[in-house]
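A quick write-up on the structure given underneath.
The values are calculated or read from the model by the stated rules, or taken from the named source; none is laboratory data. Everything quoted here is computed from the prediction, not taken from an experiment. In this analysis, Cβ positions are derived from the backbone assuming ideal geometry, glycine residues included, and neighbour counts consider all displayed protein chains.
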Number of protein chains: 2
Amino acid sequence: MGKKSRKQAAQGPSKGTQTRHLIVDRALNIAAQEGLGVLSIGRLANELKMSKSGLFLHFGSKSNLESAVVERAALYFYDYVIAPIEEKGLQGIERAWALCDSWLDFLEQRILPGGYFFTGAYFQCAGQSGAIPRQIRQAVRDWVDALGQALSQARRRDEVRGGVDIVQAAVELNCVLIGAQWSQLMAYTDHKSARLTILAHLRDIASEEIPAHVFESVEAWQAYLKNRAD
Amino acid sequence: MGKKSRKQAAQGPSKGTQTRHLIVDRALNIAAQEGLGVLSIGRLANELKMSKSGLFLHFGSKSNLESAVVERAALYFYDYVIAPIEEKGLQGIERAWALCDSWLDFLEQRILPGGYFFTGAYFQCAGQSGAIPRQIRQAVRDWVDALGQALSQARRRDEVRGGVDIVQAAVELNCVLIGAQWSQLMAYTDHKSARLTILAHLRDIASEEIPAHVFESVEAWQAYLKNRAD
């Protein structure tokens, strides 16, 4: 690290970094409600009362701006959904549960405005080629991989039956979450039933080490986890 | 019907109607790949080599254009997925199955380009207020209602067990379809496994009138339906 950057670190982020941060947050706010496709340097310049040429200095192209927005959305998702679970050091099936629970919480707390940014963006462009669709697929794949890793760990800890297809189980948990979001947007169901469906899926793959009745309600499951820890 | 319109009917749609049709199809093509939000009269005028004022004559506003696009997408969906099943007069559980099968076929045949237009649009804006989100929610609700009606009919025909929550069962079938689309975009699974999951769901709600083993494969199910009809 050179002298100049050490000085900057002591002073906090540079003005340029702060401005860039502000622009990306504003752009993410628009994209989460109206889709990535509507982003334009002209509109952002107008909303932020900045010059188009100033914005161009930060991003150079619409595609760089879109990429920064997807990266920022993934960062918010990581910070809110995954990081707290890593900090707590949760393991195995408890970790898989906590990830799903935290995902639902991320929606309930409306950390991002609009519907679910990644799901909307994914259905809209995951079938297409190009850098942005690839980046969106990767963000979604990272999430399913995180679920899969928790389930693999659960398998090693004998919390999941042998013979369970771990990748398939992770994909199914994710589909339950997406279905829950769909149903909630339609006001057919709430997230309480989503959590029960997640528990039912975990019961189906759990080994006999875990009594089946603890998957019957969120309270029973949490009591089981607490007793086990004590 | 007045003289003028009878004359028009004999000659086919008017020039104005044809032009409008062309514009909406082009707009749907863009929206299905890049999202409704990107539509603009300026871009369409440019792509169709028409004047912006000419396009304005047809739609008046971006919101009218978006509304026409959602209506057209719903029409394609109805024509491809639902109408053939109504024409065949399929009833009850066979009708519920045929609707799901036809939905998957609609995706496989890529009747609309891009990902799944309604799913992307739904996740993007169903949580928002306004005429377009309402129209999208309605189109999706119509579909789930069609599934629910087939299941209600199946219940009356004793093909579905008493005590099954029909709305919940329709929502779950739809969530399986959305999950199948998600998995296929990620190349985790193909639509064959989606059809098996649909059959497993139908088995879970079916009455004892239908032997459980016929839900084990698409071939066994089709053979059962054929035998029953003979």
Can you tell me how many residues within segment A:83-121 are at pLDDT below 95 and of a type in the set (A, V, I, L, M)? 5
Within the bounds of segment B:141-151, is there any residue that is in contact with a strand residue (DSSP E or B) (Cβ under 7 Å, 6 or more places away or on another chain) and within 28 Å of A:Gln168 (Cβ to Cβ)? yes
Hits in segment A:21-42 - residues which are charged (D, E, K, R) and modelled with pLDDT under 90: A:Glu34
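Residues checked against (1) polar (S, T, N, Q); (2) over 17 Å from the mean Cα position of the chain (by Cα); (3) surrounded by fewer than 21 Cβ atoms within 10 Å (Cβ to Cβ):
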residue: A:His21; (1), (2), (3): no, yes, yes
residue: A:Arg26; (1), (2), (3): no, yes, yes
residue: A:Asn46; (1), (2), (3): yes, yes, yes
residue: A:Leu75; (1), (2), (3): no, no, yes
Taking B:Ala74, is it in contact (Cβ under 8 Å) with a residue 40 or more places away in the chain, of a type in the set (A, V, I, L, M) and away from chain A (no Cβ under 14 Å)? yes
Under 7 Å between Cβ atoms, which residue pairs at least 6 apart in sequence (or on different chains) link something in segment B:94-115 that is closer than 25 Å to B:Asp204 by Cα with a partner that is of a type in the set (Lys, Arg) and crowded, with 16+ Cβ neighbours inside 10 Å? B:Asp101/B:Arg195; B:Leu104/B:Arg195
Would you check if there is a residue in segment A:82-95 being over 15 Å from the mean Cα position of the chain (by Cα) and among the acidic types (Asp, Glu)? yes
Taking the residues in segment A:138-163 that are over 14 Å from the mean Cα position of the chain (by Cα) and surrounded by fewer than 16 Cβ atoms within 10 Å (Cβ to Cβ) as candidates, determine which candidate is nearest to the other protein chains (Cβ to nearest Cβ). A:Gln149
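Select from segment A:38-48 the residues that are part of a helix (DSSP H, G or I) and touching a residue at least 12 places away in the same chain (Cβ under 8 Å) and list them in ascending order. Walk me through it before giving the result.
Residues of segment A:38-48 part of a helix (DSSP H, G or I): A:38, A:41-48.
Once the filter is applied, which keeps residues that are part of a helix (DSSP H, G or I) and touching a residue at least 12 places away in the same chain (Cβ under 8 Å), segment A:38-48 yields A:Ile41, A:Arg43, A:Leu44, A:Glu47, A:Leu48.
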Just to be sure I understand, how many residues within segment A:21-37 are more than 16 Å from A:Phe123 (Cα to Cα) and either of a type outside the set (Lys, Arg) or within 7 Å of another protein chain (Cβ to nearest Cβ) (or both)? 9
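Would you check if A:Pro133 is surrounded by fewer than 21 Cβ atoms within 10 Å (Cβ to Cβ), touching a helix residue (DSSP H, G or I) at 6+ places or on another chain (Cβ under 8 Å) and within 11 Å of chain B (Cβ to nearest Cβ)? So that I can check it myself, show each step before the final result.
Values: surrounded by fewer than 21 Cβ atoms within 10 Å (Cβ to Cβ): yes; touching a helix residue (DSSP H, G or I) at 6+ places or on another chain (Cβ under 8 Å): yes; within 11 Å of chain B (Cβ to nearest Cβ): yes.
Here the answer is yes, as A:Pro133 does meet what is asked.
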Of all residues in segment A:169-213, how many are surrounded by fewer than 16 Cβ atoms within 10 Å (Cβ to Cβ) and either under 15 Å from B:Ser183 (Cα atoms) or polar (S, T, N, Q) (or both)? 2
If you check every pair at least six apart or on different chains, which have Cβ atoms under 6 Å apart with a residue in segment B:192-207 that is modelled with pLDDT under 90 first and a residue that is assigned to a helix (DSSP H, G or I) and of a type in the set (Gly, Ala, Ser) second? B:Ala194/B:Ala180
So, in segment B:3-19, of the ones that are surrounded by 12 or more Cβ atoms within 10 Å (Cβ to Cβ) and more than 26 Å from the chain's Cα centre (by Cα), which residue ends up modelled with the highest pLDDT? B:Ser14
By residue number, the members of segment A:96-130 that are within 14 Å of another protein chain (Cβ to nearest Cβ) and acidic (Asp, Glu) are A:Glu108
